[in-house]
Amino acid sequence: MNTNRFNPKFVGGEVGKLRADYAGNVTMIDDQIGEILETIQARGELDNTVIVFCSDPGEMNGDYGMIYKKNFLNGSVRIPFLMRTPDTLNNGAINRISDSPVEWIDIGPTLVELAGGTMTHHQFGKSLCPLLDGSEGNHREFAISQFAGETMLLNQEWKITLNTRNEPYLFFDVHNDPMEINNLAAIPKMKALETELRSQILEHRSQTQTPMDVEPKGKKIVSLGQIKRNQLLQTIPTLSIQRHGFHFHLQMRPMLRFTSTP
C-alpha cells in the first residue's frame, strides 16, 4: 500500500485483509456488548432498560479504492442505529425497520423524553418517541451531515453534497443507484433538482447556525445554531463550545431498527 492515506494503491489481497480485520473488531465489540446486556439481565433490569446502539462514522474498507472515513459515501456516513425500549417489546415494534432519516442529535431528546424529562435549552434534535410508538411514520424530511465545511443532505430519494464553495460535487439517486456509482452532479438535465436541493441545504444552514463571539484556540468563529453562549454555559456547562459546534452538526442518516434481540 502506498502512502496516500485516504486513497492508497492496494496490492493483491490487501482489501480482503482490511475487511477481515474490521470484521474481527466488530465481533469483539459484539461480544463486549453481549457481556453488558448479560450483566443487565442478571440484575433483572433488562426489561426495564432503554438500549441505544449507534456508532461514529464508518469505514470505507476499500470501497471505491478508499480507506478511513471523512467523506459522505455510504461506507462512511450511513451508520447503524438500533433502539429497544420496554414499550417496543410490547407494542409490535419488534424487529421493525424505519426508512425515515434520523440523526445523531435525536438521541438526546429521545432519552430525555423516555426518562420523563424535558429539554430546557434550544437545540435541533428531535425525539424519536413518536416513531418508536408508531404514531409517526416519517421522522425527518431529510438528514444533514457536515464535515470540514462541506454539507450533505439525504432524503429518501436523493443524496447531494456541497463543497466549501457551496458547489454540488456528489449527487446520487438513492433508489435507483443504492451503490452510489453514477454521480449526477453537473448533469444538465438534473440542474433544476440539484438547485432545489442545494437551496434546502442553504436554508437549513441559515435556520440552524448563528455565528458566536467566541474563537476557541484561535480558530474561526464556531456556529452553535440558535443557542446563545450564556444559555449553553448555564444549562450544559460540561459541554465545550468547540465540541458542541462541531460534533452536534456532524449528523448522520442511520438506519433505525427496533429489535428485542441483543
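Read-outs: derived from the displayed coordinates by stated rules, not from any lab. In this text the structure is predicted, and so the values were computed from the model without any measurement. Every residue, glycine among them, receives a Cβ derived from its backbone with ideal geometry; neighbour counts consider all protein chains shown.
List W104, W158 from most exposed to least, where exposure is judged by having the fewest other Cβ atoms within 10 Å.
Details: W104 22, W158 19.
Ranked by crowding around the Cβ, least crowded first: W158, W104.
Under 12 Å from the Cβ of I36, count the other residues' Cβ atoms, weight Lys and Arg +1, Asp and Glu -1, and hand me the total. Provide the component values of the computation, followed by the final result.
Values: positive: R43; negative: D30, D31, E35, E38, E45.
Charge balance near I36 sits at -4.
Hey, fewest Cβ within 10 Å first, where do D87, D99 land in order?
Values: D87 14, D99 10.
Ordered by Cβ neighbours within 10 Å, fewest first: D99, D87.
Expressed in whole Å with the largest first, what are the equivalent ellipsoid semi-axes of region 146-197 derived from the C-alpha gyration tensor as the square root of 5 times each eigenvalue? Intermediate values should be presented prior to the final figure.
Working: eigenvalues 57, 35, 18 Å².
With the √(5λ) rule applied to region 146-197, the semi-axes are 17, 13, 10 Å.
How are the Cα pair distances of region 1-145 distributed, in percent, across 5 Å bins from 0?
Result returned by the calculation: 2, 8, 14, 16, 16, 14, 12, 9, 5, 3, 1, 0.
Which pairs in the list K70/K159; K17/K159; K69/K191; K70/K126 are over 19 Å apart, alpha-carbon to alpha-carbon?
On the way: K70/K159 16 Å; K17/K159 30 Å; K69/K191 28 Å; K70/K126 25 Å.
Over 19 Å Cα-Cα: K17/K159; K69/K191; K70/K126.
Take each of the peptides 143-154, 119-130, average the number of other beta-carbon atoms within 10 Å over its residues, and list them starting from the highest.
Packing order, densest peptide first, comes out as 143-154, 119-130.
What percentages make up the Cα-Cα pair-distance distribution of region 28-87 when the bins are 5 Å wide from 0?
4, 17, 17, 18, 14, 11, 9, 8, 3, 0
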